[in-house]
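To start, the structure under review is shown below, and the notes come after it.
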Amino acid sequence: MTPTRKKRLAVIGLMVLGVSTATAIALVALNDNIRFSIGPSEIVAGDFPEGRQLRLGGLVAAGSVSRDPTSLLVTFDVTDCIHDITVNFNGILPDLFREGQGVIAHGTLDANGMFQAHEVLARHDETYMPPEVARAMALAGGNEVCGEPIEDHIASVEAGY
Amino acid sequence: MIRMLIPLLVFVGLIGLLLISLPTAEQRRQVASPLIGREVPNFTLPSLHEPEVSYSTADLRGQPFILNVWGSWCFSCRVEHPYITRLGEEAGIPLVGFNWRDERDDALTWLSRFGDAWTFHMVDEEGRAAIDLGVYGAPETFLIDHRGVIRHKHIGPVDETSFADLMRRIEEMRQEAGA
Amino acid sequence: MIAEFGQISLILALVLAILLGTLPLWGAYRQNDALMNLAPSLVAGHFVFTLAAFLSLATLFLRHDFTVINVATNSNLLLPWYYRISATWGSHEGSLLLWILMLAGWMLAVAVMSRKVLPKVFLTRVLSVMGLISIGFLLFTLLTSNPFDRILPGPIDGQDLNPLLQDPGMIFHPPLLYMGYVGFAVAFGFAIAGLLGGRIERDWVRWSRPWTLMAWAFLTGGITLGSWWAYYELGWGGWWFWDPVENASFIPWLLGTALIHSQAVTEKRGAFPAWTVLLAIAAFSTSLLGTFLVRSGVLTSVHAFATDPERGVFILAFMAVVTGAALLLYALRAPRIMTGKGFDFVSRESALLLNNVFFAVSAGMVLLGTLYPLIIDFMGWGQISVGPPYFSAMFILLMTPIVMLMPLGPFSRWGQDNLKRVMAPLLISLVVAIVAGLAIAALLGAFNLRAITGWIGGIWLIMGSLSYFWRQKSQSRFKLPRGQLGMVMAHAGVGVFIIGVGMVESMTYERDVRFGAGDTLEVAGYRFHLHEVASVKGPNWIADEGRFTVYRGDREIARMQPQKRLYHRGQQVMTQVALRPGVFHDLYIAMGEPLEDGTGDWSIRVHIKPFVRWIWGGAFLLGIGGLVAASDRRYWRQQRAEAEREARAEDQGAQPA
């Protein structure tokens, strides 16, 4: 082997080593940073990886939004029409956040079964639905009519007026 | 030579992955409603043409009908309008308009301009009944059979293909109702 | 009538593209001069008809022709004229038309500018290959996304252009971005033309360099503008979100960066020609991939176009044909293309090779993160999304070595060198960077890892680039060539950018607070006072406007009026941020939402962003550097011998014996 060849081989060896290290690190980093898309029913069923970042999709249950009068703390229920999960969020809700609309919350589930969100996203317009919301609704489809819990909410809202 | 084929093989893998992912994208768009196979929620709403009259979904029990969610603000509703008109003329069952989050005047102008083939219109100004109905956006078209069960939901504007599909399903429902 | 005129123009453009993609290519193969001579006129005709189609659509928008679906869905009577023009490319269909127009423009530019420097056979092949690409896009437009489709009778008034797009930044962002994307088609055309000929000549690589540099510079500008737009328009105060759509534009940029560096090696030393060709194919293919990801609905994104899987199938098929054919050609022909001189461990080739490895791996990492949800879904492991920390972590990891080594590259010699000699002129820069970096960070009270790294890295790059500039200036008898000047600017630009990133990512004050009229908030020495929330009216919107006065100590320094706008049509809500830009920090206020508990209070987002302008300033310098380098006379010289001589003189300038 000539010295040039040796050197070239060493360069190639180093590159291969570098690329494989980078790939290994990337995969580890990826697994630490993925959020699982999940719906309320899956949370209730305990069907989700623990201690993970979650991406909760569903509809904002009508009449469930309540604000803390002195801060930006807000709680609302995300529903797939079967189960509701209460979401706590401290911050500014997106422009199109409305009751009965699709919403996505990023965060984790605490020990009390409350969802602690650090980011809330809403859909952009009337003709678009985030796939996570659609999925959560579809998954919940097997059980019961959507009307039930939401009708209760509406009744309670109307009673308040 | 073999070494030079690596980029091509990687690329073929990538195309394969994307090809597999495409149908999922389609599914996400046309998601099945949890309401299909369930009874249509009962709600009573005012009529568009005569605000003092109200209609209820319960009134329609005993015959199949079409429920079409629309709004004058919704452009896709304008696109599907010719097919909805055909539904009104050819389906042979009531075509109920569900006027969603609209202004009454705008809706009436829209109808007088483009034509009104609906049997009647219900007005859901606040969008409360739409939540019960699981409306995600306009337009949407529901098929409800004579027992009041939601049989089918079409999301997005009706076109030539979906019109044919709707007509086939309507025919099915009519036969069931007749039997 | 105008819509039909546009439609016919588009069809004629398709016919010309088909002729261009076949006849001259056949002529080049058979050495038939008559057929080859057709290419320039076909290119010109193709451009004229594409322009006609584009102008037709713009006219339809200006004239409020709502019988055209595209106009009716993206414009309305209240929309001001300048947004009606930008609405031309605001929709999926219109942006495709812009894509095609840009492609036609690049083709025309190549035909005109490279006419005298390129051998006729080669130029013909380049133009024909680009013609083939145009066929695909014209077919795509005509078959799945025709912007001239009509609806009769038309509505009285249209829907609105998405309010997010009603913004000056959005007028220029897409054209710049597409200029970049499509510009890589030129590099692609050169690479394929080279493969078709079976040889890569150093000359041809030289003639393709300015085109690649220009495309890259435009892409840099487009991405920068997009980042700036997202910063003030989305109301979140971030400058980069690692959103799939952003990644789609970033992957070609990373590969393009690798490409402009590897082209330098191939041109000067004949080294790794196959790799250069592969990068050119990859840069353009990832541009296509980006188009696919954004428009097919495969990935969900905050600002994707209305998606349509049918269109997805078309682009995917198109991409499979274009890239598949290119890579097959590569596999067949690349083993035969030239190999250059050998080089040593410490040499400029090695430095540029490292640059290429890191940039290509970065592109791979971004691609992996972007497509990972699809892979997981395919494996049946559930639905996931990849969080921004993955991208940031990988990026810092991969970019740190690049920043450390970047100033060394220009100082190193081709072929063989030793580290001591390379480092000698840079020692001062290194010491200054470390001392000044630490001192500035301490002085600004930003004594944390990110800010310190940002300052040291940034100063190291700026000093390193400048010391190269001064050495070249003092040692060279010639005027410093534009190519080198551009490089110095671009590298210094990266330094400015890094300082900005380090500061923004570590020293941003961000408060989401509850504000009532008369409330005051103190952040980092600033006092924000809200007088009132008033109602205001614009041409096609109404808004709640917060009236803020900002004090520093007792001195009033700014009045800021953020708005929450409601656009009449489609009832869309939009956050209009109030900004007080500054060289050293931005004050940023965004209206959140009215708190519906009867108090009339609002949630308000207040940010103080230090050095955020440096991010875009640095990126802008980077792009300008690219344009300056592209204007180097060496690339545009007509007599080859003269260019050769100058190239040699420059090599000597870079390595004084």
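Every read-out reported here was derived from the displayed coordinates using simple, explicitly stated rules and does not represent laboratory data. Every value quoted in this text rests on a predicted model; they were computed, and no experiment measured them. Heads up, the Cβs are rebuilt from the backbone with ideal geometry, glycines too, and the neighbour counts pull from every protein chain shown.
Points worth noting:
- Packing here is the average count of other Cβ atoms within 10 Å per residue, and on that basis the peptides C:193-203, B:61-71, highest first, run B:61-71, C:193-203.
- Counting only DSSP H runs of at least 4 residues, each contributing -39500 (n - 2.57), and dividing by the residue count of chain C, the helix-based mean residue ellipticity at 222 nm comes to -22000 deg cm²/dmol.
- Available extension along the chain between C:L139 and C:E505 is 127.3 nm, counting 0.36 nm per residue and deducting the alpha carbon span.
- Prolate/oblate/rounded label for the protein assembly as shown (Cα gyration tensor, a/c 1.5): prolate
- Inter-label distance for B:V53 and C:L566, nm, one decimal - labels placed 7 Å from Cα along Cα-to-Cβ: 3.2
- Per residue of C:321-332, other chain Cβ atoms within 10 Å of the residue Cβ number 4 on average.
- Efficiency of FRET between C:S631 and C:I85 - r from beta-carbon atoms, R0 41 angstrom, step 0.05: 0.90
- Only lysines eight or more places from C:K564 in sequence, or on another chain, were considered; those with a Cα closer than 23 Å are C:K537, C:K609.
- Coarse-grained scattering of the range A:40-125 at q = 0.11, 0.16, 0.24 Å⁻¹, given as base-10 log I(q)/I(0) from a Debye sum over alpha-carbon atoms: -0.26, -0.56, -1.26
- Phi-based couplings in Hz for the range C:196-206 (Karplus 6.51, -1.76, 1.60; Gly and Pro marked x): 4, x, x, 9, 10, 9, 4, 4, 5, 5, 4
- Under the Karplus curve 6.51 cos²θ - 1.76 cosθ + 1.60, θ = phi - 60°, whole-Hz ³J(HN,Hα) for the range C:221-233, x wherever Gly or Pro sits: x, x, 5, 4, 5, x, 5, 5, 4, 4, 4, 9, 9
- Of the residues B:G97, B:G13, B:G88, the one that moves most in a GNM of chain B with alpha-carbon contacts below 10 Å is B:G13.
- Counting Cβ atoms of other protein chains within 10 Å of each Cβ in C:200-213 and taking the mean gives 0.
- Axial C-alpha extent at least 20 Å, average Kyte-Doolittle at least 1.0 - helices from chain B (DSSP): B:2-29
- Residues A:M114 and C:A436, FRET efficiency given R0 of 35 Å [Cβ-Cβ distance, rounded to 0.05]: 0.10
- Length added when fully stretched, C:R559-C:T599, from 0.36 nm per residue minus Cα-Cα: 12.0 nm
- Prolate/oblate/rounded call for the range C:369-460, Cα gyration tensor, a/c under 1.5 rounded: oblate
- In this rough spin-label picture, where each label sits 7 Å from Cα along the Cβ direction, the A:N88-A:A10 distance is 5.9 nm.
- Within the range B:94-131: backbone nitrogen closer than 19 Å to the B:M167 label point (7 Å, Cα to C-beta): B:94-96, B:117-119
- Using equal-weight Cα scatterers in the Debye expression, the normalised intensity of chain C in log10 at q = 0.06, 0.07, 0.09, 0.11 Å⁻¹ is -0.37, -0.50, -0.83, -1.19.
- Per-pair calculated FRET efficiency, R0 = 56 Å: C:L55 and B:T85 via Cβ, rounded to 0.05: 0.95
- For C:I557, distant residues with modelled amide H under 5 Å away: C:V550, C:Y551, C:R552
- Cβ neighbours within 10 Å from other chains - mean over B:6-13: 5
- Taking the range B:56-97 and a reference point 7 angstrom along Cα→Cβ of B:T44, the backbone N atoms nearer than 14 Å belong to B:56-60.
- For chain B: rounded, prolate or oblate by the Cα gyration tensor [a/c cutoff 1.5]: prolate
- Under 26 Å from the Cα of C:K120 - lysines, other chains or at least 8 residues apart: C:K268
- Packing-based exposure ordering (other Cβ within 10 Å, fewest first) of B:K153, C:K537, C:K609: C:K537, B:K153, C:K609
- The label-point distance for C:R421 and C:I11, in a model that sets each label 7 Å from Cα toward Cβ, rounds to 6.7 nm.
- Per-residue Cβ neighbour counts within 10 Å put C:R559, B:R168, B:R38 in the sequence B:R168, C:R559, B:R38, beginning with the fewest.
- Distant-in-sequence amide H partners of C:V68 (H built 1.01 Å from N, under 5 Å): C:I151
- On full extension, the segment bounded by C:R336 and C:E310 gains 5.4 nm, given 0.36 nm per residue less the C-alpha separation.
- Amide H contacts under 5 Å for C:L595, placed H, 5+ residues apart: C:D601, C:W602, C:S603
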